[in-house]
Amino acid sequence: MKKFLSVLLALAMIFSLTVTVSADETKGEMDGYVVVLHTNDVHGAISGYAKVAALKKAYEAEGAYVLLMDAGDFCQGDPTVSVSQGKTAVELMNMAGYDVTTLGNHEFDYGYDNLVNLSKEAKFPIVAANVLYQGKVAFNANQIFTTPSGVKIGVFGLETPETATKAHPAKIKGVTILGDKSMFDCAQAQVDSLKADGCDYIICLGHLGIDKESLGNRSTDLLNVVDGIDVFIDGHSHSTMKDIAEVTDKDGKVNGTLLTSTGTKLANVGVVTISPKGKVTAMSAPTEGMTAEDKDVAARAAAIQKEIDDDYGTVFAKTKVELDGVKANVRTHETNLGDLITDALVWGAGKNGTKVDAAVTNGGGIRATIKKGDITKKDINTVLPFGNTLSIVKVTGAELLEALEASTYCTPDSIGGFPQVSGIVYTIDGTKSYDAGDVYEGSTYHAPKTIRRVTIQSVGGKAFNLRTVYTIATNDFLAAGGDTYYAFKTASVNYDLGIPMDEVVMDYVKTELKGVVSAEDYGEAGDRITIIKGLPFTDVDPSAAYYSAVKYCYENSIFKGVTDTMFMPNNTITRGQMVTVLWRMNGSPEPKNANPFGDVAATSPFVKAIAWAAENKLTNGVTATTFAPAQAISRQQFLTILYRYAQFMGYDVSVGEDTNILSFEDVGEVGEYAIPAMQWAVGSGVLAAEKTLTPRAAAPRCNVAEFLANFCQKVIPAAEMMPKAACFSDEKHILIPPKSRRDFISAALFFVPAHRPALSCGD
């Protein structure tokens with residue numbers, strides 16, 4: 001195989017860095033290859049289409065059969081596409097040579113009829129097998145492409161069922177989007193049909209995502225049920241390949257299907273390659289490094305941008321602070337931009353003759369940050385691109401409480417419905433689970449069976465009352481029951497003032513704030529929302545005996561999870577990991593002596609830590625010449641090393657000298673070497689045991705959390721747990737303050753399980 005097909009030169013071609021490869025030199029080197037270029041969640045980043053077009057032509061010039069696909073949300077996100085209600089996006093996608101797309105939920109923002117008109121202007125088919133209109137597939141279920149060599153590639157599309165609540169209900173009348181089992185059955189039927197049609201490869205072009213908020217309708221949920229999909233190209237959650245790696249196996253697959261996604265706003269282009277021998281690979285190519293552009297596409301994108309800039313670029317105000325509209329923030333907690341927008345809604349309602357008690361808007365409706373400096377109409381339109389209008393609902397306190405409970409059901413995890421508020425002070429208890437009841441009518445969200453997570457302290461400056469009727473300013477999307485706000489849809493009074501939200505916000509800033517957003521007014525988020533954070537780990541039950549220890553270690557950055565959502569309490573750690581933690585806590589000093597253990601290679605990530613531990617008598621090894629670094633550490637081994645470490649640090653270990661451990665049923669199983677350590681551990685409270693010590697059992701991660709939490713709280717002198725300057729030296733007794741101590745422990749990757757040595761604490 002010629003060098004062009006090597007990874008490095010392929011990347012050089014894609015990125016157009018310092019290597020230039022002429023068409024004559026490389027012509028035909030990808031003959032027989034199928035290359036699927038894909039994008040998702042472009043959201044108005046139109047300048048990138050010129051690079052996408054050039055990349056497609058580059059691969060075609062090398063002889064590859066190229067398909068260009070998009071996984072939805074191309075019509076909304078920036079005035080360059082939202083002002084035209086998606087027409088400019090379709091125009092540029094036509095020019096770039098897109099071959100097929102599916103729909104995202106934001107394609108429905110301007111109504112079903114508008115989407116039908118866009119589909120007529122598109123020179124590419126739209127596939128969405130689970131989108132029905134009046135009971136029939138609304139667009140195309142699938143599309144089959146045949147290469148010159150006769151390879152058949154079947155592509156079918158899936159749209160997120162969340163569109164039912166993420167699009168304005170009035171704009172999708174007659175539209176049904178199959179979800180859950182119905183969607184899974186639909187997908188399997190598409191696979192079976194395409195196989196029957198002789199397709200060699202099947203690609204699902206989906207807009208499902210992997211967010212926890214979408215549980216039950218995610219791409220990963222579907223792939224664990226549906227068989228026969230070769231590649232699933234995903235959108236909706238704005239996931240990068242790094243994010244995808246967290247939910248797939250080492251080969252990037254779920255149940256045998258390759259899963260891929262490119263983030264958002266054309267930061268990357270996805271590249272799926274099918275070799276002549278049938279090997280399927282996926283990568284993500286950053287567009288930042290690409291220099292080649294299609295001149296025609298670039299020129300048209302620039303012209304569209306100029307039209308918007310000329311119309312929307314006028315400065316009307318200034319902000320002395322950055323107004324936080326970061327997706328991860330507005331969907332998880334209060335932000336200063338959320339405060340400003342909801343304050344504007346309260347003000348706007350009053351200006352137009354309706355006095356309200358409070359305002360609520362969904363964090364998912366806030367789409368961008370406003371940087372410090374000038375504010376333009378384009379800035380506001382980018383933040384609020386949906387064309388939503390100011391609406392009024394009257395709800396009881398009970399209905400308001402239900403709305404807040406439902407719209408924060410997964411907080412502190414991200415959710416589009418997260419309530420940014422004005423005039424409401426409320427608390428979310430993230431340590432309590434959501435008590436899910438029935439699914440709201442026409443929704444994918446569950447109503448709360450009971451209210452257990454949210455408490456409202458006040459509304460409109462007065463103590464909250466369940467029976468009081470409150471007048472709430474909101475947007476027309478929530479008033480119609482969008483996201484999780486079914487309680488607003490059924491409100492006793494519900495009407496639309498018809499004033500665009502972006503105009504309300506601009507008017508508020510110009511009039512009420514005198515054209516200046518000050519640090520005094522919006523320098524920081526207020527104190528409207530309090531979140532009591534529990535653990536993010538789905539496998540740590542709050543009723544578990546070790547819960548408080550895991551919580552202490554997590555909150556103090558002492559001990560993390562294996563993933564963001566999995567702690568794996570029953571997994572063990574290795575002997576090598578244990579001593580490496582202690583070594584790094586002491587600043588990773590160079591050992592004075594050579595490693596004495598024959599089973600610890602010079603290239604081992606643990607070698608310096610083990611040598612250091614041995615010379616400082618923290619461990620003697622399994623034998624004089626054997627350490628067994630990959631062996632799961634037992635409870636008595638762990639506690640013995642921790643005991644010796646306490647001595648090494650100069651901590652008081654005398655509390656255990658007279659401890660009687662003879663009363664424990666299994667005291668006879670304690671190794672002679674470990675008796676002093678076990679006495680100390682029991683006497684100091686590091687080991688909390690009642691009848692048994694279980695000394696020879698492997699130490700699971702839940703035990704490790706308990707030992708470390710108790711060690712920090714009961715053994716380390718209080719003075720050392722107070723913030724102070726770090727004192728690192730070559731002296732034996734190094735005093736490490738808590739932040740530094742925790743940083744070292746975290747740096748050791750102590751959370752990594754023993755069965756993943758490549759990511760061990762020695763790396």
| said: What does the net charge come to around His238 if you take all other residues with beta carbon closer than 11 Å to its beta carbon, with K and R at +1 and D and E at -1? | reply: -3
| remark: Given 25 °C, 0.890 mPa s and a Kirkwood radius over Cα pairs, the Stokes-Einstein diffusion coefficient of the stretch 314-532 in µm²/s is 143 µm²/s
| task | Would you please name the GluC sites (Glu not before Pro) within the stretch 619-706 that are DSSP coil residues with at most 15 other C-beta atoms within 10 Å of their C-beta? | result | Glu657, Glu665, Glu690
| request: Would you kindly give the portion of the calculated P(r) for the stretch 198-266 that falls above 16 Å, as a percent of all Cα pairs? | output: 41 percent
| said: I'd like to know which of Thr146, Thr511, Asn352 lies farthest towards the positive end of the charge dipole of the chain, counting +1 on Cβ of Lys and Arg and -1 on Cβ of Asp and Glu. | reply: Thr511
| On a 0 to 90 degree scale, rounded to 10, what angle separates helix 180-196 from the longest Cα axis of the chain? | 70 degrees
| Degrees separating the helix 49-61 axis from the principal Cα axis of the chain, which is the longest one | 80 degrees
| query | Dipole of the chain, Cα-centred, from +1 at each Lys and Arg C-beta and -1 at each Asp and Glu C-beta, to the nearest 20 debye? | reply | 780 debye
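Taking 0.36 nm per residue of sequence separation and subtracting the Cα-Cα distance, how much length would be gained by fully extending the chain between Ala697 and Ala302, in nm to one decimal? Numbers along the way, then the final one.
Details: separation 395, 0.36 × 395 = 142.20 nm, distance 6.68 nm.
Difference between extended and current length: 135.5 nm.
Can you sort Thr146, Thr260 so the residue with the fewest Cβ neighbours within 10 Å comes first?
Thr146, Thr260
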| For the residues Leu67, Leu687, what sequence is obtained by ranking on other C-beta atoms within 10 Å, fewest first? | Leu67, Leu687
| said: Compute the helix-to-body angle for 112-121: its Cα long axis versus the longest principal axis of the chain, expressed 0 to 90° and rounded to tens. | reply: 80 degrees
| remark: Asserting the computed 222 nm helical MRE of the chain (DSSP H runs at least 4 long, -39500 (n - 2.57) per run, divided by residue count, to nearest 500) equals -8500 deg cm²/dmol
| remark: Sorted largest first, the Cα spans of the stretch 363-465 on the principal axes come out in Å as 45, 34, 28
| query | So what is log10(I(q)/I(0)) for the stretch 190-338 at q = 0.14 1/Å, when the Debye sum runs over its Cα atoms only? | reply | -0.90
| note | With label points set 7 Å from each Cα along the Cα-to-Cβ direction at Val326 and Ser557, the distance between them in nm comes to 1.5 nm
| Could you give me the ³J(HN,Hα) list for the stretch 378-383, computed from phi with Karplus coefficients 6.51, -1.76, 1.60 and θ = phi - 60°, whole Hz, x at Gly and Pro? | 4, 4, 5, 5, 6, 5
| remark: For 604-612, 325-333, 573-581, ranked highest to lowest by mean beta-carbon neighbours within 10 Å, the order is 573-581, 604-612, 325-333
| note | Mean Cβ-within-10 Å packing, highest first, puts peptides 452-460, 354-362 in the order 354-362, 452-460
| In square nanometres, what is one fourth of the surface area of the convex hull spanned by the alpha carbons of the stretch 417-491? | 5.4 nm²
| field | Listed residue pairs exceeding 26 Å between alpha carbons, taken from Lys560/Lys608; Lys242/Lys560; Lys279/Lys327 | value | Lys279/Lys327
| said: Give me the one-decimal Kirkwood hydrodynamic radius in Å for the stretch 550-653, with the sum taken over alpha-carbon pairs. | reply: 14.6 Å
| note | At q = 0.11, 0.12, 0.13 1/Å the base-10 log of I(q)/I(0) from the Debye formula over the alpha-carbon atoms of the stretch 33-305 is -0.55, -0.66, -0.78
| Separation in nanometres of the label points that stand 7 Å from Cα toward Cβ, at Lys355 and Asp435 | 3.6 nm
| said: At 7 Å along Cα-to-Cβ for each site, give me the label-to-label distance between Asp539 and Val315 in nm. | reply: 5.4 nm
| query | Using just the C-alpha positions of the stretch 128-193 as equal point scatterers, what log10 of I(q)/I(0) does the Debye formula give at each q in 0.14, 0.21, 0.28 1/Å? | reply | -0.47, -0.85, -1.23
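Computed from the coordinates by the stated procedures, all read-outs in this text should not be read as laboratory data. Just so it is clear, the model here is predicted, and its values are computed rather than measured. Virtual Cβ from ideal backbone geometry, glycine too; neighbours counted across all protein chains shown.
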